[in-house]
Amino acid sequence: MEKINESTSNLNKVAKITLLFWVMKIIATTLGETLGDLLAQTLQLGYAFGLGITGVFFILVLFIQLKAKKYVPILFWLVIVGTTTVGTEVSDFMDRTLHLGYLAGSLILITLLLNTLWIWHRTIGKIEVYPIFNRKVELFYWTAILFSNSLGTAFGDFLSDNVGLSYLQGAMVTAGVIIIVVLLHYVTKINYIILFWIAFIFTRPFGATFGDLLTKPIAQGGLNLGTIPATLISITILGLLVFYSHKKKLD
């Protein structure tokens, strides 16, 4: 990755892409999956109502994020959680309410993502994921992340519901893709932006299938912890990591 000018970095609005970023992203996707299922299934609010609740939360935290003058870890990760939770509801709404199926849903979402990236590149002239200090670029960034997380959710559910993989097998498949992307980053000259978005998409189903592994009944290949305990565990882990990242930023 190219070196960042210090004065530019001071105005940055998003997290730096490090190993900690990817760990937190996976935990955030697990939280998004368990929280989405908690709203729609455990509380029986339905996918449309759950999408409404998570959509309002996402818009609220995104508005505050856009108004912020600099990168604030807790705010940034609240928006990420918002995109993962909305992504869960969007994917399930398309499949179970609109009856489009996860394959058709995945094709729609990948089309939306590719169009977003194309418009981003056409409008700005390049696609960068760090640093970001321009509001228009940040809007493209969050739109692409929202579609990426929705696509990752749909693809993860496609592996379990359509292909017939268990939650553990699905997690292993997506983990394999992530490992390949990491290797390509270090041993090839493939554009790192392309690899970033591939990794971003596939860390979503990895986190989602891990969430399903925690919550689903043992008969379905899960650990049957339930959505409430799994959500509380994910919130606790992510909260500790956000605190650590904030302390590290101050240091």
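Read-outs throughout are calculated quantities, based only on the coordinates presented, and are distinct from any laboratory measurement. Source: prediction; values computed, not measured. Cβ atoms come from the backbone with ideal geometry, glycine included; neighbour counts cover every protein chain shown.
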Alpha carbon centre of segment 71-85 versus segment 167-223: separation in Å?
20
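For the chain, what is the calculated [θ] at 222 nm in deg cm²/dmol (nearest 500), taking -39500 (n - 2.57) for each run of four or more DSSP H residues and dividing by its residue count? Show your work: numbers first, answer last.
Details: 9 runs with 183 residues, N = 251.
Calculated at 222 nm, the ellipticity per residue is -25000 deg cm²/dmol.
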Restricting to lysines and to Cα separations under 20 Å from Lys189, and discarding same-chain partners fewer than 8 apart, the set is Lys3, Lys126
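Counting pairs of Cα atoms in segment 1-140, how many percent are more than 24 Å apart? Numbers along the way, then the final one.
Values: 3810 of 9730 pairs.
The proportion of pairs with Cα distances above 24 Å equals 39 percent.
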Which residue, chosen from Gly52, Leu19, Asn149, occupies the Cα position most advanced towards the positive end of the dipole of the chain, where the dipole is computed from +1 (Lys, Arg) and -1 (Asp, Glu) charges on Cβ about the Cα centre?
Leu19
Output ordering of 73-83, 94-104 (per-residue mean of other Cβ within 10 Å, highest first) is 73-83, 94-104
Given charges at beta-carbon only (K, R positive; D, E negative), |dipole| of the chain in Debye:
1000
How far apart, in nanometres, would the label points at Leu184 and Ala219 be if each is projected 7 angstrom from Cα along the Cα-to-Cβ direction?
4.0
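May I ask for the percentage of alpha-carbon pairs in segment 107-251 that lie more than 23 Å from each other?
Values: 5078 of 10440 pairs.
The answer is 49 percent, as a whole percent.
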Scalar couplings 3J(HN,Hα) for segment 154-160 by Karplus 6.51 cos²θ - 1.76 cosθ + 1.60 (θ = phi - 60°), nearest whole Hz, x for Gly and Pro, are 4, 5, x, 5, 4, 4, 7
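Taking a ≥ b ≥ c as the square roots of the Cα gyration tensor eigenvalues, with a/c under 1.5 meaning rounded and otherwise prolate when a/b beats b/c, else oblate, which class fits segment 156-222? Kindly include the intermediate steps, with their values, before the conclusion.
Working: a/c = 2.95, a/b = 2.88, b/c = 1.03.
In terms of gyration-tensor shape, prolate.
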Karplus 3J(HN,Hα) series, Hz, for segment 31-40 with 6.51 cos²θ - 1.76 cosθ + 1.60 (x for Gly, Pro)
4, x, 5, 5, 5, x, 5, 4, 5, 7
GNM flexibility winner over the chain from Lys126, Lys216, Lys16 (Cα, springs under 10 Å):
Lys126
Tell me, what HN-Hα J-couplings in whole Hz come from the Karplus equation 6.51 cos²θ - 1.76 cosθ + 1.60 at θ = phi - 60° for each residue of segment 59-64, using x for Gly and Pro?
4, 5, 5, 5, 4, 5
